[in-house]
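See structure below.
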Amino acid sequence: MRLVNVPLFLLALVIFGDKSLSLTNYQIKKFCEKEKNQQFCIKNLKEKKSKLEKGYLIEIPVSPYKR
């Protein structure tokens, strides 16, 4: 059973490995609504988005989940 899972996993890596997911412009604006300096936040996230799409490594901000 384990031998069947390994090729399937490798196949999934080959198919989906080169696609990077980044925020849309709407999601960036929505995320930066809570920040004090919205323009700086938007500019910073758009720069990170372009670097991510080019294939560079970036740091990703994490906001705490509030119920």
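If you go through the range 51-67 and pick out every residue that is farther than 18 Å from C32 by Cβ and within 10 Å of the chain's Cα centre (by Cα), you end up with 1.
Residues checked against (1) in a loop (DSSP other than H, G, I, E, B); (2) modelled with pLDDT of 65 or more; (3) in contact with a Cys (Cβ under 6 Å, 6 or more places away or on another chain); (4) not hydrophobic (A, V, I, L, M, F, W, C):
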residue: V4; (1), (2), (3), (4): no, no, no, no
residue: L11; (1), (2), (3), (4): no, no, no, no
residue: Q39; (1), (2), (3), (4): no, yes, no, yes
residue: N44; (1), (2), (3), (4): no, yes, no, yes
residue: E47; (1), (2), (3), (4): no, yes, no, yes
residue: I58; (1), (2), (3), (4): yes, yes, no, no
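The values are calculated or read from the model by the stated rules, or taken from the named source; none is laboratory data. This structure is a prediction, so every number in the text was calculated from the model and none was measured. Please note: Cβ atoms are built from the backbone with ideal geometry, for glycine as well, and neighbour counts cover all protein chains shown.
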